[in-house]
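All remarks here apply to the structure that follows.
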Amino acid sequence: MKVFNTLTRTKDELIPITPGEVKIYACGPTVYNYIHIGNARPLCVFDVLRRYLEWRGYKVTFVQNFTDIDDKLIKKANEEGITVPEVAERYIKEFWVDAKGLNVREATVHPRATENIDEIQRIISELVEKGYAYTAGGDVYFRSKKFDEYGKLSHQPLEDLEAGARIATDDIKEDPMDFCLWKGAKPGEPYWASPWGDGRPGWHIECSAMAEKYLGKTIDIHCGGLDLIFPHHENEIAQSECANGCDFAHYWMHNGFINVDNHKMSKSLGNFFTVRDVAENTAMSLSAT
């Protein structure tokens with residue numbers, strides 16, 4: 001069996017680390033709203049991949065996370081006058097309504113970022129100790145240029161990524177391309193105690209931590225949407241491989257976008273249709289006929 005590997009840009013023979021077993025990590029939703037049909041595409045694509053591998057006789061361990069602490073959840077909580085955990089619980093429940101409506105199976109494990117703070121802090125500590133990360137202004141940042149292979153997934157040199165990325169220069173960072181591993185606490189935001197002060201994890205580090213905890217330091221397949229190649233997956237590779245000194249994932253698989261008027265469907269653009277809306281409209285159309 002061959003899979004298209006974003007890392008090599010070729011169709012590579014699938015050779016699992018452990019014969020007969022495949023370990024997969026799939027980036028899951030940030031639970032601050034209903035999922036739209038663009039979010040649903042990777043759910044369906046990688047559910048099919050998992051089912052096919054199992055049909056072929058592989059034992060598949062499939063991990064898909066919930067991002068339950070993030071700027072978007074904090075904003076939603078403030079708008080509605082509720083807590084971030086309340087936002088997360090609401091939309092995780094709504095996620096399952098939609099996922100089951102799509103006949104998407106539950107993953108082997110659905111870890112949450114907030115349940116893995118100790119593991120996140122452990123990896124950050126290792127990166128700081130090895131000189132790959134540094135503290136500044138209450139935050140902790142990763143030194144992107146210290147990782148020689150940065151850009152190997154997106155197949156662009158660091159200079160091109162730096163020129164094309166929407167990154168605001170921050171005086172407290174050593175370099176504009178450095179990314180945040182730990183965010184210092186701000187008034188009114190959830191926080192956890194840490195060696196670097198109260199704060200919360202950055203987005204990228206949570207997936208490295210949960211992939212390692214539930215699948216090991218090197219996994220077979222990491223997957224997600226094309227929009228995650230850079231910076232999310234690129235940063236996952238950098239921090240994981242610098243912390244552990246080994247490959248993070250052997251195969252990277254990415255699904256394409258659902259486009260509306262030649263633009264990627266996204267909540268930020270407002271050009272999206274929720275799975276719930278499509279299901280309800282379909283049901284109404286069927287009942288009318």
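Every read-out reported here was derived from the displayed coordinates using simple, explicitly stated rules and does not represent laboratory data. Just so you know, these numbers come straight off a predicted model, no measurement behind them. Cβ sites come from the backbone with ideal geometry, for glycine too, and all protein chains shown count toward neighbours.
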Along region 48-58, Karplus-curve 3J(HN,Hα) (6.51, -1.76, 1.60; θ = phi - 60°) to the nearest Hz, with x for Gly and Pro, reads 5, 4, 4, 4, 5, 4, 5, 4, 6, x, 7
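With 21 Å as the limit, write out which pairs from 75/183; 130/173; 186/213; 11/100 have Cα-Cα distances beyond it, or answer none.
Numbers: 75/183 16 Å; 130/173 18 Å; 186/213 28 Å; 11/100 32 Å.
Result: 186/213; 11/100 exceed 21 Å.
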Given H placed on each backbone N at 1.01 Å, which residues far from residue 192 in sequence or on other chains put an amide H within less than 5 Å of it?
199, 200
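Using only alpha carbons, build the gyration tensor for the chain and give me the equivalent ellipsoid semi-axes, biggest first, whole Å. Write out the running numbers ahead of the final one.
Working: eigenvalues 179, 127, 70 Å².
Semi-axes, largest first: 30, 25, 19 Å.
Could you work out how much longer the chain between residue 100 and residue 160 gets when fully extended? Use 0.36 nm per residue separation minus the Cα distance between them, nm to one decimal.
17.4 nm
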Quick one: order 34, 91, 141, 191 by neighbouring beta-carbon count within 10 Å, fewest to most.
191, 34, 91, 141
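When a/c reaches 1.5 or more, the comparison of a/b and b/c decides; with that in mind, is region 137-221 rounded, prolate or oblate per its Cα gyration tensor?
In terms of gyration-tensor shape, oblate.
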At what distance in nm do the modelled label points of residue 192 and residue 109 sit from each other, each positioned 7 Å from its Cα along Cα→Cβ?
1.4 nm
Could you line up 12, 118 from fewest to most neighbouring Cβ atoms inside 10 Å?
118, 12
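Which shape class applies to region 77-201: rounded if a/c is under 1.5, otherwise prolate when a/b exceeds b/c and oblate if not, where a ≥ b ≥ c are the square roots of the Cα gyration tensor eigenvalues?
Numbers: a/c = 1.91, a/b = 1.43, b/c = 1.34.
Judged from the Cα gyration tensor, region 77-201 comes out prolate (a/c at least 1.5, a/b above b/c).
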What per residue convex hull volume, in Å³, do the alpha-carbon atoms of region 2-155 yield?
163 Å³
Name the residues whose placed amide hydrogens come within less than 5 Å of the amide hydrogen of residue 133, ignoring near sequence neighbours (fewer than 5 apart) on the same chain.
128, 143
Average Cα contact separation per residue, the chain, under 8 Å, 6 or more apart, as relative contact order %:
24 percent
What list do you get for 135, 30 if you sort them by fewest beta carbons within 10 Å?
135, 30
Quick query: amide H of residue 181 versus all other amide H atoms, modeled in the peptide plane; which residues come in under 5 Å with a sequence gap of 5 or more or a different chain?
140, 141, 142
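Residue 143: net charge of surrounding residues, Cβ under 9 Å, Lys/Arg +1, Asp/Glu -1, itself excluded? Present the calculation step by step, with values, prior to reporting the outcome.
Details: positive: 145, 146; negative: 174, 175, 178.
Surrounding charge for residue 143 is -1.
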